[in-house]
Amino acid sequence: MLSCRTVWFISGSVAEPQVASVAEPLLLNAVRGDDVERPPVWLMRQAGRYPSFRERSENVDLVVEISLQPWKVFKPDGVILFSDILTPLSGMNIPFDIVKGKGPVIFDPLQTADDVGQVREFVPQESVPYVGEALTILRKEVDNKAAVLGFVGAPFTLASYVVEGGSSKHFSKIKRLAFSQPKVLHALLQKFTTSMIKYIRYQADSGAQAVQIFDSWATELSPVDFEEFSLPYLKQIVDAVKETHPDLPLILYASGSGGLLERLALTGVDVVSLDWTVDMAEGRRRLGPNIAVQGNVDPGVLFGSKEFITSRINDTVRKAGRGKHILNLGHGIVVGTPEENVAHFFEVAKDIRY
Ligand SMILES: Cc1c2[nH]c(c1CCC(=O)O)Cc1[nH]c(c(CCC(=O)O)c1C)Cc1[nH]c(c(CCC(=O)O)c1C)Cc1[nH]c(c(CCC(=O)O)c1C)C2
């Protein structure tokens, strides 16, 4: 679980390679199953030398600047918004902060039905206007040379933070709630679901061309509990978004969830992001031919030799087969990853031809 727990400083800048303007980003073509010449590639990453996370992520200029850093240096096929899955919480009356070295802190963790009753439904236009503004600017800046990606947290993963009060090891508080007062947890999950439907639509209307849903802690649920506390809500989100935005690709990311792949496919998402604990060919088979796959190189591979990185990329692309594959790591970049290896990853990836 490292993408956002990791901080990656991008130093300097590299001359921008010329990229021909295309009608539609390669990433969208690949997701739709068009005949593409290579898999699109992007990575989750980074932070910068800036003030606190919330300050960075709630200021339009900084959000745009930080979001564009990897784009300027590596020209990936996807440019993800700099934000966090917890960003909507303050707009839902759940005060929080992200503390350096500690991660997210929820000031008053939710415990009771009353607490859940106090949670306000999210109105993105009012609470996080900077997200929409940043996406609109990003879309213009990137100009279809890559896909602009928005993202949200899945209801169960958001609930785990607000019930646990932050990151957790054993998830005992949310499990206590799930297994002793399931109705209270369901009420909270429904509030997050309704809010995330609005948030995804808002991101799409502002400029996001695909939205990734992070269910980072689904891995903590046994399959039977995933079916009760996560799957129905994910499905509700996908169904509702598809009604208003039928062409918006939805990517589901649930690291450590190799045991859940068939169930993840039932959500109706367009893409499932695999981590490196699943063999790419096996994952592909288990998800079926209609779902595109993303991933799944071990982020640790980027600490290896250039030859090793090249061979793992080739292996992953071969196992994924032609089309419907977005090349990526199985999770975000790890702190201390040599920047030249990241550059090498992109060079090799962009030279691939099916
Ligand atoms: C860079 C960063 C982020 N969030 C946090 C950081 C580090 C703190 C900092 O820079 O000050 C705190 C931050 N935010 C969160 C954490 C995780 C804490 C934990 O382990 O529970 C931390 C340290 C919560 C969070 N946040 C996110 C997830 C889902 C992905 C995953 O599973 O890793 C989760 C679980 C998503 C996220 N978070 C972030 C992005 C943007 C990616 C990019 O710009 O490339 C994304 C996609 C950005």
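The values are calculated or read from the model by the stated rules, or taken from the named source; none is laboratory data. All values derive from a computational prediction rather than experimental measurement. Positions of Cβ are generated from backbone atoms using ideal geometry, with glycine treated the same way; all protein chains shown enter the neighbour counts. Areas reflect the complete protein model, heavy atoms only, side chains present, ligands, DNA and RNA absent. Shrake-Rupley method; radii C 1.70, N 1.55, O 1.52, S 1.80 Å.
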Listed by chain and number, the residues whose amide H is under 5 Å from that of GLN294, excluding neighbours fewer than 5 places away on the same chain and using placed H, are VAL272, SER273, LEU274, ILE326
In debye to the nearest 20, the charge dipole size for the chain, taken about the Cα centre with +1 at each Lys and Arg Cβ and -1 at each Asp and Glu Cβ, equals 460
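When only Cα pairs under 8 Å and 6 or more residues apart are kept, what is the percent relative contact order across region 35-351?
Values: 553 pairs, mean separation 56.8, N = 317.
Once normalised by length, the contact order is 18 percent.
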Rounded to whole Å, √(5λ) for the Cα gyration tensor eigenvalues of the chain, largest first, gives 31, 23, 20
Within the chain, the percent of DSSP beta bridges that are antiparallel, given to the nearest 5, stands at 15
Mean separation of Cα contacts under 8 Å (at least 6 apart) over the residue count of region 226-298, i.e. the relative contact order in percent, is 30
In degrees, nearest 10, the alpha-carbon axis of helix 339-351 is tilted away from the dominant principal axis of the alpha carbons of the chain by 70
In whole percent, the fraction of accessible protein surface over the chain that belongs to carbon or sulfur atoms, probe radius 1.4 Å, stands at 51
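For every helix of n ≥ 4 consecutive DSSP H residues, a contribution of -39,500 (n - 2.57) applies; sum these over the chain, divide by its total residues, and give [θ] at 222 nm rounded to the nearest 500 deg cm²/dmol. Could you put the intermediate results ahead of the total?
Numbers: 15 runs with 156 residues, N = 354.
Taken over the chain, the calculation gives -13000 deg cm²/dmol.
Send over a whole-number figure in Å² for the accessible area per residue of the chain, probe 1.4 Å. Numbers along the way, then the final one.
Values: 14290 Å² over 354 residues.
Ligands and nucleic acids excluded, the figure is 40 Å² per residue.
Starting from the Cα-Cα distance between GLU262 and LYS72, subtract it from 0.36 nm times their residue separation and give me the gain in nm to one decimal. Each step should come with its number before you reach the end.
On the way: separation 190, 0.36 × 190 = 68.40 nm, distance 3.72 nm.
That works out to 64.7 nm of additional length.
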To the nearest 10 degrees, the tilt of helix 129-142 (Cα long axis) against the first principal axis of the alpha carbons of the chain is 10
